[in-house]
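Nothing in this text is a laboratory measurement; each read-out follows from the coordinates by a stated rule. Only a predicted model underlies this, so the values are computations on that prediction, with no experimental measurement involved. Backbone-built Cβ (ideal geometry, glycine too); neighbour counts: all protein chains shown.
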Amino acid sequence: MFTTLFRAVSRRQKQGGMLVLSLAMLLTLLLTACGGSGSSTQKADSLWIGQVGDQYTQNFNPYTGASGGPPSELIYETLLFTNYANGTMNPWLATAYKFSPDNKQLTFTLRDNVKWNDGKPFTASDVAFTFNLMHKYSGLDVSNIWKYLTKVTAPDTHTIVLDMSTPYTPLLWYLGRLQILPEHIWSSVGDPTKYTASNPVGTGPFKLGSFSSQVVTLDKNPYYWQSGQPAFAHVKYPIYKSNDTLQLQLISGKLDQANVFAPNIQKSFVARDPEHNHYWLVPNQTVMFYPNNAKAPFNDVAVRQAISAALDREKMSKVAENGYQQVASPTALILPNAKSYLAPEYANLKFQRDVQKARQLLESAGYTRGGDGIYAKGGQRLSFKISVPNTYSDEILLAQIASDNLKEAGMDASVNTLSYTDWYNNKQLGQYDITIDNDGGGLNPYYYFNRTLYSKRSAPIGANSLSNFGRWEDASTDKYLDQFAASSDPNIQKQAIYGLEKIFVEKMPTIPLLDAPTWFIYNSSRFDGWPSAQNPFTTAASPLQVTLHLKPR
């Protein structure tokens with residue numbers, strides 16, 4: 001399946017130095033040859049969004065994602081809308097939700113007068129059907145909701161009641177973002193994980209208009225519940241073989257928007273038409289070193305602290321990532337998105353490289369520096385490898401910078417490049433010294449901290465870890481995560497996050513480096529209402545919200 005570029009696009013698209021070089025050369029030639037930005041010949045009733053891949057497949061099953069085409073949320077909607085720009089959950093198909101006093105029951109109230117794009121009414125029965133279908137076919141339960149649910153019922157046409165075996169309030173986000181299916185269609189398809197939805201029926205603002213392997217067109221849904229929305233008739237998704245071709249189409253004015261990495265974007269794109277060519281890089285993941293906390297010397301907090309103190313993150317940002325990735329917060333919060341969760345005591349805390357401090361930390365932990373400049377303890381030199389996939393050219397350079405930094409501080413750190421498969425398998429099994437990876441996403445920091453730190457998501461070395469790849473197992477950490485999950489009180493939840501920040505700052509279970517952004521590039525000559533740093537009503541991770549805000553000029 002192809003990546004839907006309207007969704008969050010990470011640094012993974014920067015694989016290989018030749019792509020960046022060839023794209024830069026093509027853009028230079030284009031800038032030299034063309035005198036203007038080029039106005040689109042497409043009608044203003046169509047929004048054009050470019051994607052990269054080989055071809056589309058006509059399957060719009062939102063739980064298999066097999067088409068590689070338009071984002072499914074333009075067709076299938078959710079109960080709630082997550083605004084990743086400010087970390088809030090907002091009404092959508094549901095107008096309200098409420099937990100019971102013991103947080104073991106959750107009730108949604110649904111919106112009136114919503115119809116499917118075939119004209120049939122949307123009711124609570126559709127929502128109950130969708131969730132119960134995930135119970136019947138576990139392969140559909142992509143968010144593992146039935147780990148916590150015991151029963152889902154629809155007492156009337158506008159109410160859904162969900163009972164849980166144990167209080168777990170983060171389930172709200174997982175439930176709220178699941179795309180609802182029409183019972184009158186899906187009740188007769190058999191195993192939904194094998195169903196090919198060639199003509200999808202949803203409640204969203206668009207429906208399938210026309211399909212080809214190279215261009216998918218979505219048409220305005222005449223039954224959409226928001227009056228006057230969408231403000232234009234079509235969204236078109238042409239697909240291109242490479243980032244190079246896509247970006248040339250964007251620069252020439254034939255596309256309105258794309259999520260694609262662009263080297264030197266200010267010069268290659270914005271400077272060409274500063275009035276209309278724009279980009280917004282919103283941090284959405286933290287790039288980290290995962291020390292293997294299950295083995296020496298990384299189970300020593302002083303070693304982890306020394307590694308962090310030695311790193312030149314500013315150089316990593318500027319040299320390895322072209323300045324597009326900001327230095328991460330020591331709290332591991334993704335800022336400014338999660339600023340409402342930032343503990344006051346850490347409001348101004350920043351990483352500062354301090355080689356002397358790194359050496360002092362090691363010496364205070366009993367390490368002595370040998371004649372070769374490398375610290376050792378008990379006859380064991382402080383020598384280790386930093387594992388990185390051999391296709392991630394930017395992260396290889398980042399790891400090389402770290403290697404130089406650490407050697408200066410007295411640690412013999414080498415870069416270990418591996419095939420993606422070997423890197424991934426070693427990460428899962430804990431068969432590494434330090435590995436590089438990233439995490440982020442979710443309504444608030446809990447989701448990311450839970451994946452990264454919860455002991456129940458860890459495993460012994462040699463066994464697959466769910467997501468706690470650093471093998472961090474700490475009772476205080478689990479206590480804060482459990483405290484957050486058992487409560488629906490925002491103040492209690494915030495105090496739990498503060499406690500987790502303190503653990504990151506003081507114990508460094510992982511070592512935050514940089515914050516990777518979502519790439520969002522657009523031309524505003526034909527449509528107004530784009531999200532930006534000045535108007536962050538949503539992020540590129542919410543294509544439905546972006547599309548509904550756009551108005552033709």
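The table for this structure:
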item	result
For the range 283-517, alpha-carbon Rg and Dmax in angstrom	17.1, 57
Aspartates and glutamates whose Cα lies under 16 Å from that of LYS350, excluding same-chain neighbours fewer than 8 positions away	ASP312, GLU314, GLU501, GLU506, ASP515
Protection-proxy order for peptides 139-148, 295-304, 95-104, each taking the mean of Cβ atoms within 10 Å per residue, highest first	295-304, 139-148, 95-104
Crossing angle, helix 420-429 versus the chain [Cα axis fit, 0-90 degrees, rounded to tens]	70
Among ASN535, THR123, SER100 the positive-end extreme of the charge dipole of the chain (Cβ point charges)	ASN535
Between helix 393-408 and the chain: long-axis angle, C-alpha atoms, 0 to 90°, nearest 10	20
Gain upon complete extension [ASP219, THR57; 0.36 nm per residue less C-alpha separation]	56.5 nm
Bridge type composition, the chain - antiparallel percent by DSSP, nearest 5	80
Dipole of the range 283-517 [Lys/Arg +1, Asp/Glu -1 at C-beta], most positive-end residue of ALA496, SER329, ALA302	ALA302
Neighbourhood net charge (9 Å Cβ-Cβ; Lys/Arg +1, Asp/Glu -1) for GLY204	-1
Paramagnetic reach from THR157 (point 7 Å along Cα→Cβ, amide N under 14 Å) across the range 87-118	110-116
Number of Lys pairs (Cα under 23 Å; 8 or more positions apart or on different chains) in the range 80-194	9
Test item: Cα-centred dipole of the range 105-208, Lys/Arg +1 and Asp/Glu -1 on Cβ, debye	180
At R0 = 56 Å, FRET efficiency that the Cβ-Cβ distance of SER210 and ASP482 yields, to 0.05	0.65
Simple Cβ-charge dipole of the chain, Lys/Arg +1 and Asp/Glu -1, about Cα centre, in debye nearest 20	260
Overall Cα dimensions of the range 180-289, principal axis frame, Å, largest first	53, 43, 28
Centre separation in Å (Cα based) which lies between the range 227-279 and the range 500-514	37
For the range 283-517, size of Cβ-based charge dipole, Lys and Arg +1, Asp and Glu -1, in debye	240
D (Stokes-Einstein, µm²/s), Kirkwood Cα radius, the range 121-193, 1.567 mPa s at 4 °C	103
Principal-axis tilt of helix 17-33 within the chain, Cα atoms, nearest 10 degrees	60
Entry for percent of Cα pairs over 46 Å apart (calculated from the structure that is shown) out of (1) 13; (2) 38; (3) 17	(3)
